[in-house]
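Each value in this text was obtained by applying a stated rule to the coordinates, not by laboratory testing. Everything quoted here is computed from the prediction, not taken from an experiment. Every residue, glycine as well, gets a Cβ built from its backbone with ideal geometry; the counts of neighbours run over all protein chains shown.
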Amino acid sequence: MSGAGLTIDLEALTSNWRALDAASGPATRTGAVVKADAYGLGVAKVGRALLQAGVDTFFVALAEEGAQLRSALGPGPEIFVFAGHMDGDADILAGSQLTPLLNSAAQLARHLGVLSGHRFGVQLDTGMNRLGMEPDEWQSVRARALEHGPALLMSHLACADEPDHPMNRQQLARFHEMTSGLDVPRSLAATGGILLGADYHLDLTRPGIGLYGGAPFHDARPVVHLSVPVIQTRRLTPGETVGYANSWTAPGQARIATVAAGYADGLPRALSNRATLFADGTPCPLVGRVSMDLITVDISGLGNDPEQLDLICPQQGIDALAAAADTIGYEILTGLGTRYARHYKGAQ
Ligand SMILES: *Cc1c(COP(=O)(O)O)cnc(C)c1O
């Protein structure tokens, strides 16, 4: 298995953060979204690298993720929790000094009831209908919330990866209606929103995927490299089939490499007969079905048997691999799982 594994370039990561910070403009602070174990890349290493690069505001999805991040970062940086204050979260929010983004009047009441005086923000729904207080709901609790001095008012864009989508302007206008004139920092933009331009930047931006090298931040430096070891190779005669359900038939003499990666490692089954792996830059098609722990690759075009093949590499980034599976880079990254040893390079 030597040389195989998931390599995470922390220098590229922090360089992507600096680029998104610059794109957010000089009057706007730039945070970092590290939910879901930093999009699958390891929240402790990623968080510490970003902290050293100057990030002082982090976002996670759940309080438990915030506690893990707090242990890695120590006291100081602000950690916001998108899920807000859920029943039973008080101890962890207080113990790890996490700032919940309260999503409903009920969460506000809970928070003021059990953690009065503990920092919080408010998440507003501007049309995505996923998380956050609706305009009427916000109207009814706004005075009470403002009395307690929220740290942030935020909302999230549904269509930011489509710059011309009318939803972007609509949500921006609604966010202004719900928040203008209040002396509280505001945040609307994730990676896509940063790229929409200055109107969307407000006080604080919240990039996630762009840090990790994914679309819609097309200028991102790649952060992830994934190589998988070849377990064995074999020769096929014309007409022989490969894998479950005989879904690939050798058209002629062929050489097949069996590689230690499968859907249990986060390679979608939809990649069956569709993905490409690379041997030092030479493309080799995945043939047959993706199984739980294995894939099979046609290496007939190579002059030698490779020891490993690359799945995420300069020739094929996370978005290209995602496209082959009809999904998005986010799902590929968070699916990579923990089976592969993660190697970190750059920073610290
Ligand atoms: C995930 C998330 C982000 C980060 O989004 P990216 O598209 O990865 O930049 C920002 N804000 C909220 C509310 C999120 O859920």
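The conditions of being farther than 30 Å from residue 175 by Cβ, within 16 Å of the ligand (Cβ to nearest atom) and not small (Gly, Ala, Ser) are met by residue 221.
Quick one: count up the residues across the range 48-66 that are touching a residue at least 60 places away in the same chain (Cβ under 8 Å) and more than 14 Å from the ligand (Cβ to nearest atom). Summing the residues that are touching a residue at least 60 places away in the same chain (Cβ under 8 Å) and more than 14 Å from the ligand (Cβ to nearest atom) in the range 48-66 gives 4.
Being crowded, with 22+ Cβ neighbours inside 10 Å, within 16 Å of the ligand (Cβ to nearest atom) and within 19 Å of residue 207 (Cβ to Cβ) is a condition met by no residue of the range 103-120. Checking each residue in the range 216-257 for being in contact with a strand residue (DSSP E or B) (Cβ under 8 Å, 6 or more places away or on another chain), without any contact (Cβ under 8 Å) to a residue 60 or more places away in the chain and surrounded by 17 or more Cβ atoms within 10 Å (Cβ to Cβ) picks out 236, 242, 243, 248, 250, 254, 255, 256, 257. Go through the range 183-197 and give me each residue that's outside any helix (DSSP H, G or I) and either surrounded by 22 or more Cβ atoms within 10 Å (Cβ to Cβ) or out of contact with any Gly (no Cβ under 9 Å at 6 or more places or on another chain) (or both). The answer is 183, 186, 187, 188, 189, 190, 197. Exactly one residue out of 96, 71 is more than 20 Å from residue 204 (Cβ to Cβ), more than 16 Å from the ligand (Cβ to nearest atom) and surrounded by 17 or more Cβ atoms within 10 Å (Cβ to Cβ), and it is 96. Considered as a group, the residues in the range 324-334 that are of a type outside the set (Asp, Glu) and over 15 Å from residue 285 (Cα atoms) include one that is surrounded by the most Cβ atoms within 10 Å (Cβ to Cβ), and that residue is 332. Applying the condition of being in a helix (DSSP H, G or I) and more than 17 Å from the chain's Cα centre (by Cα) to the range 22-47 and asking which residue is farthest from the ligand (Cβ to nearest atom) yields 22.
Confirm whether residue 178 is surrounded by 16 or more Cβ atoms within 10 Å (Cβ to Cβ), in contact (Cβ under 8 Å) with a residue 40 or more places away in the chain and touching a helix residue (DSSP H, G or I) at 6+ places or on another chain (Cβ under 9 Å). So residue 178 fits the description; yes. What are the residues in the range 296-328 that are in a strand (DSSP E or B) and out of contact with any Phe, Trp or Tyr (no Cβ under 9 Å at 6 or more places or on another chain), if any? Correct list: 297, 308, 312.
Looking only at residues of the range 172-215 that are over 16 Å from the mean Cα position of the chain (by Cα) and within 30 Å of residue 316 (Cβ to Cβ), we find that the one that is nearest to the ligand (Cβ to nearest atom) is 195.
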